[in-house]
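Worksheet: one structure, shown below.
The values are calculated or read from the model by the stated rules, or taken from the named source; none is laboratory data. It should be emphasised that the depicted structure is a prediction, and the values quoted were computed from it without experimental measurement. Cβ: placed from backbone, ideal geometry, glycine included. Neighbour counts: every protein chain shown. Ligands, DNA and RNA are stripped out before the accessible areas are found, and what is left, the full protein with its side chains, is counted by its heavy atoms. Shrake-Rupley method; radii C 1.70, N 1.55, O 1.52, S 1.80 Å.
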Amino acid sequence: MLLTISTTHRPATDLGYLLVKHPDRVQSFDTTGGTAHVWYPRADPERCTAALLLEVDPLGLGRPAKGQRAPDGITLGRYVNDRPYASSSLLTVALGRVFRSALKGASRDRAELAGMPLPLEITVSALPCRGGPAVAERLFVPLGWTVAATPVPLDPAFADWGDSWYVQLRLAGEQRLADALNHLYVLLPVLDDAKHYWVTEDEVDKLLLAGSGWLAGHPDRTMIARRYLANQRGLAHSALDRLRAASDEPDSVTLDPEPADREAVPVAGGDPFATADPLGTDVASGPPSASASGQQDRSADGDPAATVPASAPAAADHARPGEEGGAAAGDWSDDDVVGALERAERRRPLVRLRIEAVLAALGAAGATRVLDLGCGPGSLLRELLADRRFTEIVGADVSAASLRVAERRLRLDRLPDRQVGRITLVQSALTYHDDRLRGYDAAVLMEVIEHLDEVRLPALERAVFGHAKPGAVVVTTPNVEYNVRYEGLTGGRLRHPDHRFEWTRAQFAGWAERTAATYGYTVEFRPVGEPDPQVGPPTQLALFRSVAAPDGAAAGPGSGIAAAGSRPATAAGSGPSIAAGRATGHATATATGKDVG
């Protein structure tokens, strides 16, 4: 498979500085499945062309990775397929290894040039294009490219056989070189709609890194996310949610119908045992858990900087052949991922503001023992666990799959016993009486109530405010009036396909005040996000405070919250205990009580 990059910028040989590859040398690098060769067919002041040729070892590609066992049944498809010849995800592996600095937009010798648009022409041979040339145009034209995708006939000698699904792709336009390479890095496997390696949650970070600055605004970003992430709905939703969070867009994307989630998806006929990811780092050999929760992922994934520090990577040295692209030099670090995502966030994401508002409300209530009801994959749990004010944390969700994702994201198996002892995950439906959830300082319903049918809200009120009866309850929900500020939310469309309703400020206030009066609470309202003078804030928050202490707790001074050192009683005989869940750090998978709806 062959990729060429040409420029007519004067002097054109500056391309060598940007690619960190000397025009006078032919260089070769080991990469997944074979060897990548880089050379310059032409290098003069008027025009410079760099070529990347990937030579794939078909036998090596079919063998299991080191340390892994071959499958019991070896199929011919592992050795007879188009992967050695088609410009697929194997080419993006080579791209990430060989042109690492150029992908990042780093150049020690031509830093100013790295940030400038250049006249570029790119050709890719034998590119699988599922959907035909029209799909290539849909993907590249919105990015400013002039596209020529010429179908390759199945056999020139038999014209009536028609065209294959391969095209010869030619792109022309003025782009930063880093942008051009990242377009290729994402869109080549999207056009192929396949990958040769196992796809896990790490791929979401890689997609957002390479898509920084352009993916969020692409009209086909849903298809891009779905195909890039091997048609795994959970991963695609996570990527799209993070894109929306970074740009304050509404949760209004619905994925096209597609196959059911797969825990790990190898390409047919490719290497299902390969563990190398497209940037040269190893991915986990075990399959990820997929969230099957019907609720929206309220994840702080829109704020990846909360999990890893950011730093600027050093540029590679142009003068040293082979310095980058070797077996140990192809990684994008977590710092690179975070840095790119931070640069893409021009405004603070709403998901981050929402979490901060919830933490502030819990602080105002004086809560130390907190329930996260409808916790989903655990975005708020992660923040609660990082805050030492909260001594006991319980995450409850109806979905066992979501709880498994939360457990993995929180890394409970790696935390010290003291930290694990602070948190418990329990499976429980919010419309059920569950004695395990009684007597806590506070409960949080963050972006939860809108996922229930309105006729089920009285059951939730009885279970949470009437039976569990925490000292305080924090509820957030979208403000439907603000939807007019989101382009595309017309005709009564809601922000997320799973939302059953969205309320105006008056509707939310009416429900909250009725609930507070019924169950003995006071309520105050707080905006989340910058309020609009006409339609209010994007999200609304209600802080309920009990007029009495939670069951079995001593009242704090005037707050209705348990005094320091007190522990409310937990009813016996209600199923697996909270203490048992804390001891293991694993999800307790039994819901108890009865449906009160």
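Please list 233, 83 in order of solvent-accessible area, largest first, computed with a 1.4 Å probe with all protein chains present. Kindly include the intermediate steps, with their values, before the conclusion.
Numbers: 233 70, 83 5 Å².
Reading off the accessible areas and sorting them downward yields 233, 83.
So, R0 is 30 Å and r is the distance between the beta-carbons of residue 500 and residue 364; what FRET efficiency does that work out to, to 0.05?
0.55
For the range 387-546, what does the accessible surface come to per residue with a 1.4 Å probe? Please give it in Å². Walk me through the intermediate numbers first.
Values: 6290 Å² over 160 residues.
Averaged over the residues of the range 387-546, the accessible area is 39 Å².
Percent relative contact order of the range 344-494, based on C-alpha pairs within less than 8 angstrom and at least six residues apart?
Reported as a whole number, the value is 24 percent.
Provide Rg and Dmax in Å for the range 85-179, with only Cα atoms included in the calculation.
15.9, 53
Extending each Cα 7 Å along its Cβ direction at residue 55 and residue 413, get the distance between those two points in nm, one decimal.
4.1
Fully extended, how many nm does the chain gain between residue 113 and residue 547 (0.36 nm per residue separation, minus their Cα-Cα distance)?
Taking 0.36 nm per residue and subtracting the Cα distance, the gain is 149.7 nm.
Taking 0.36 nm per residue of separation and subtracting the Cα-Cα distance, what length does fully extending residue 530 through residue 26 add?
Residue separation times 0.36 nm, minus the Cα-Cα distance, leaves 175.9 nm.
Pop out the ³J(HN,Hα) list for the range 354-371 in order, Karplus 6.51 cos²θ - 1.76 cosθ + 1.60 with θ = phi - 60°, rounded to Hz; leave Gly and Pro as x.
Here the 3J(HN,Hα) series is 5, 5, 5, 5, 5, 4, 5, 5, 5, x, 5, 7, x, 6, 10, 10, 10, 9 Hz.
How large is ³J(HN,Hα), in whole Hz, for each residue of the range 230-241 in order, when computed from phi with the Karplus curve 6.51 cos²θ - 1.76 cosθ + 1.60 and θ = phi - 60°, using x for Gly and Pro?
Per residue, the Karplus-derived 3J(HN,Hα) values read 6, 6, 8, 4, x, 5, 5, 4, 4, 5, 5, 4 Hz.
Tell me, how many Å apart are the Cα centres for the range 158-186 and for the range 441-520?
So the separation of the two Cα centres works out to 47 Å.
With a Förster radius of 41 Å, plug the Cβ-Cβ distance of residue 10 and residue 487 into 1/(1 + (r/R0)^6) and report the FRET value to the nearest 0.05.
My answer for the efficiency is 0.50.
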